[in-house]
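Below is one structure, written out as structure tokens, with a few remarks after it.
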Amino acid sequence: DTTVKQNPRYKLARVGKPVNLICSQTMNHDTMYWYQKKPNQAPKLLLFYYDKILNREADTFEKFQSSRPNNSFCSLYIGSAGLEYSAMYLCASSPRLGEAEQFFGPGTRLTVL
Amino acid sequence: GEQVEQRPPHLSVREGDSAIIICTYTDSATAYFSWYKQEAGAGLQLLMSVLSNVDRKEEQGLTVLLNKKDKRLSLNLTAAHPGDSAVYFCAVRGPNYNVLYFGSGTKLTVEP
């Protein structure tokens with residue numbers, strides 16, 4: 001199976017409530033990424049895991065958390081959702097850190113009301 | 001940091017025509033250039049990639065051109081067909097090799 005899976009595909013959340021998005025891959029890739037994509041904007045890298053090491057982008061450091069309990073799974077956690085978090089969240093993986101090609105999941109569309 | 005501009009945001013062509021999408025980038029140290037395709041309801045899929053030592057690459061009706069002097073990357077779909085209708089993204093890798101910088105996407109519609 002060479003696909004990246006994301007759950008749920010659609011998520012509705014209330015302002016101030018937590019949100020947890022899940023990504024999985026069974027390709028034994030050592031690096032997993034989370035991107036945020038808003039309409040008419042480029043996908044923006046939020047963070048990535050190399051093995052068990054989490055790297056977060058400076059401007060999103062306090063807004064998103066993540067965990068990777070094993071090689072196959074990676075979550076994206078928002079502690080208190082705001083309206084500005086409404087977006088498509090894309091998960092990707094790559095075989096090795098520094099490997100340029102990334103394999104993307106179909107995304108989770110998050111709507112915060 | 002790297003800035004990537006992609007145009008046009010929307011492109012409509014007739015079947016059999018060519019379609020050209022262009023990206024410009026700002027960092028002269030950029031070394032890896034790629035194009036992704038996203039079909040409705042699916043994830044981004046890598047179409048083609050080139051390194052900075054390649055000016056032109058052709059594969060299966062697609063041509064990628066890299067002009068390092070002008071910091072411009074283009075994707076040319078020759079003889080487009082309706083199955084090519086999708087959103088296309090350019091993505092480049094800058095000095096921080098962990099990070100891909102994406103363009104904002106081009107929605108291509110190929111009409112029969």
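Some points to look at:
- Note that the range A:59-64 has calculated 3J(HN,Hα) couplings of 7, 10, 4, 8, 9, 10 Hz, one per residue in order, obtained from phi through the Karplus relation 6.51 cos²θ - 1.76 cosθ + 1.60 (θ = phi - 60°); glycine and proline are x.
- Computed with every protein chain present, the accessible area of residue B:78 is close to 70 Å² [probe 1.4 Å].
- Placing a pseudo-label 7 Å from each Cα along the Cα-to-Cβ vector at residue A:109 and residue B:20 gives an inter-label distance of 3.4 nm.
- Per residue of peptide A:42-48, the mean number of Cβ atoms on other chains within 10 Å of the residue Cβ is 5.
- Solvent-accessible surface of protein heavy atoms, probed at 1.4 angstrom with all chains present, puts A:29, B:81, B:10 in the order B:10, B:81, A:29, largest first.
- Cross-link partners for residue B:57 among the aspartates and glutamates, with Cα-Cα distance under 19 Å and sequence neighbours closer than 8 places in the same chain left out: A:101, B:70, B:84.
- Alpha carbon centroid spacing (whole Å) that separates the range A:38-113 from the range B:49-87: 28
- Cα gyration tensor shape of chain A, rounded if a/c is under 1.5, else prolate or oblate by comparing a/b with b/c: prolate
- Peptide B:40-47 - average C-beta neighbours from other chains (10 Å radius): 5
- Normalised size of chain B, defined as Cα radius of gyration per 2.2 N^0.38 Å with N residues, equals 1.02.
- Averaging 1/r across all pairs of distinct Cα atoms in the protein assembly as shown and inverting the result yields a Kirkwood radius of 18.1 Å.
- Cross-link table A:44/B:107; A:38/A:63; A:63/B:69; A:17/B:107; A:37/B:69; A:52/B:37, entries beyond 27 Å C-alpha to C-alpha: A:63/B:69; A:17/B:107; A:37/B:69; A:52/B:37
- Close amide H contacts of residue A:26 (hydrogens built in the peptide plane, cut-off under 5 Å, sequence separation of 5 or more or a different chain): A:3.
The values are calculated or read from the model by the stated rules, or taken from the named source; none is laboratory data. On a predicted model such as this, the values are computed, not experimentally measured, just so you know. When we count neighbours, we look across all protein chains shown, and the Cβ atoms used for this are built from the backbone with ideal geometry, even at glycine. Ligands, DNA and RNA are stripped out before the accessible areas are found, and what is left, the full protein with its side chains, is counted by its heavy atoms. Shrake-Rupley method; radii C 1.70, N 1.55, O 1.52, S 1.80 Å.
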